[in-house]
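The values are calculated or read from the model by the stated rules, or taken from the named source; none is laboratory data. Nothing here was measured: the structure is a model prediction, and the numbers come from that model. Every residue, glycine as well, gets a Cβ built from its backbone with ideal geometry; the counts of neighbours run over all protein chains shown. With ligands, DNA and RNA removed, areas are computed over all heavy atoms of the protein, side chains included. Shrake-Rupley method; radii C 1.70, N 1.55, O 1.52, S 1.80 Å.
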Amino acid sequence: MDIIVVGGGLMGTAAAFFLSRRGLRVTLLERRFVGQGATVASFGNIRRQGRYLPQLPLAHRSRALWGEIDSLLGEDVEFRATGHLRLIHDQDGMEDMQAFAKAAKPWGLDLEMLEPAEIRRRFPGLGPDAIGASFSPEDGSANPRLMAPAFARAAARAGARIVEQAEVTRIERRASGFAVETCQGIFESDQLLVTAGAWGAKMAAAFDEPVPLRLNGPQMAVTEPLPHRILPVVGVWARNHDAGVYFRQVERGNVVFGGGRRVEVPWETGFAKTDPQLLAVQLPHLVRLCPALAHVQVIRTWSGPEGYLSDSLPVMGPSGKVPGLHYAFGFCGHGFQLGPGVGDVMAELIATGQTNTPIGDFSVTRFQDQPAPEPVH
Ligand SMILES: Cc1cc2nc3c(=O)[nH]c(=O)nc-3n(C[C@H](O)[C@H](O)[C@H](O)COP(=O)(O)OP(=O)(O)OC[C@H]3O[C@@H](n4cnc5c(N)ncnc54)[C@H](O)[C@@H]3O)c2cc1C
């Protein structure tokens, strides 16, 4: 069986890798260079706290793959299981954390609940006015810049053909399979997997499966390098969206942070431009989480184009209308953690026709009885 994967972000390259390992003949088509969409812009958080609960089996499967990622890919992608700490500043945050921790336990996610004295002892300098925190010890981070190229190289070694600078302009379903037009010619296959990030919505709409997707960008920044002191990824339980800032320190010393409101991204360019005013909103919340950052220099800001569905869940699974067509796009700002698991599950589904990991809630068909969304340009 051969398959074309459209889009070379984390989802497409991971899927190409796992599909190739299952013996399928894979061609991955990427309009630019692999990893240059949402993936390269990611904060790199490998986080399970706060997820939609029925997504946890997929997140656990992905976390297991993160644990063996260097040997799977044959290179160091800076995965570190440093733990993920979420601080709490008010009663609303405490209630949200406690409700999530209780509900997540039967789904296999155990959170440690920390009193203020325990936070000070284990994480000195973090959350001095926090009234509590939750800690997920096996979560952490990896380097988003490395992920898609590393998966693409590993996929190529496993037999996949990776074609860059091949923008897909048209996909036709024929009796024998798919014909995919690009600026490098027409490619044909039995099966097709759409992993084109936000642009997956445009491709689904062309198959009469429109989905309500917005193109937004979380806003990120990085500081000058400092002595390496902060181990966990740090976030907050906050209902105030502006206060939802998170950060981590990379081993080279820079502190990467993001969160709060997102920027609008124009469909025509897909270029996610940062807003200096949002940085001004983020900084006081960052300093509350870690006061030592008050006098540190921010050296760069960036964002990236990410697809957000109206229910904040991705589209994943087979098409409801076209045999042989599959989707994995629209990961709503939380796809980095899921990436290896998405690639593995999609490969299993396509190669065997089934998967034990429940993904029914992410089916494209959930939108079929809704009023048609605004067209994606
Ligand atoms: C700023 C930011 C921070 C984030 N932080 C986190 C985080 O900390 N933790 C987390 O879990 N998630 C995070 N995310 C989300 C995560 O990065 C994404 O969900 C994930 O990278 C999506 O991967 P993807 O492969 O679906 O999309 P993309 O990486 O966007 O890849 C899609 C690819 O398809 C290609 N493409 C599009 N159209 C065509 C076409 N016509 N022909 C050929 N190729 C095409 C694009 O060029 C692109 O390379 C963040 C996202 C952003 C933007």
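Computed quantities for the displayed model
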quantity: Val163-Ala294 pseudo-label distance in nm [points 7 Å out on the Cα-to-Cβ vector]; calculated: 5.8 nm
quantity: Fraction of accessible area attributable to carbon and sulfur, the range 229-299 (%, probe 1.4 Å); calculated: 56 percent
quantity: For Asp369, solvent-accessible area (1.4 Å; no DNA, RNA or ligand), Å²; calculated: 140 Å²
quantity: Debye, to nearest 20: dipole size of the chain, +1 on Lys, Arg Cβ, -1 on Asp, Glu Cβ; calculated: 460 debye
quantity: Where the Cα pairs of the range 101-157 fall when distances are cut into 5 Å bins, in %; calculated: 4, 15, 16, 13, 13, 12, 11, 9, 6, 2, 0
quantity: Debye log10 I(q)/I(0) at q = 0.17, 0.19, 0.20, 0.26 Å⁻¹ for the range 140-233, Cα point scatterers; calculated: -1.01, -1.14, -1.20, -1.42
quantity: Calculated SAXS-style log₁₀ I(q)/I(0) at q = 0.13 Å⁻¹ - the chain, Debye, Cα scatterers; calculated: -1.03
quantity: For the range 226-331, alpha-carbon Rg over 2.2 N^0.38 Å; calculated: 1.36
quantity: Per residue accessible area of the chain, 1.4 Å probe, in Å²; calculated: 43 Å²
quantity: Of all accessible heavy-atom area on the range 21-146, the percent that carbon and sulfur account for (1.4 Å); calculated: 50 percent
quantity: Amide N of the range 324-347 lying under 13 Å from the label point, which is placed 7 angstrom from the Cα of Arg366 along Cα→Cβ; calculated: 329-332
quantity: Considering only the chain, percent of DSSP beta bridges that pair antiparallel, nearest 5; calculated: 70 percent
quantity: Inter-label distance for Gln91 and Arg25, nm, one decimal - labels placed 7 Å from Cα along Cα-to-Cβ; calculated: 6.6 nm
quantity: Karplus-derived HN-Hα couplings along the range 213-221 (A = 6.51, B = -1.76, C = 1.60, θ = phi - 60°), whole Hz, x at Gly and Pro; calculated: 10, 10, 9, 10, x, x, 9, 10, 8
quantity: The range 94-204 - Rg and Dmax from Cα coordinates, angstrom; calculated: 23.4, 66
quantity: Exposed trypsin sites (Lys or Arg not before Pro) absent: longest stretch of the chain, with sites in DSSP loops and at most 14 other Cβ within 10 Å deemed exposed; calculated: 33-228
quantity: Reference-scaled alpha-carbon Rg (2.2 N^0.38 Å with N residues) for the range 283-377; calculated: 1.51
quantity: Pairwise centroid distance, computed over Cα atoms, of the range 72-139 with the range 227-268, Å; calculated: 15 Å
quantity: Partners for Lys202 among lysines (Cα-Cα distance below 25 Å; same-chain residues under 8 apart left out); calculated: Lys273, Lys321
quantity: Cα convex hull volume per residue for the range 2-157 (Å³); calculated: 128 Å³
quantity: Label-zone membership for the range 1-17, site Arg174, 7 angstrom Cα→C-beta point, backbone N under 20 Å; calculated: 1-6
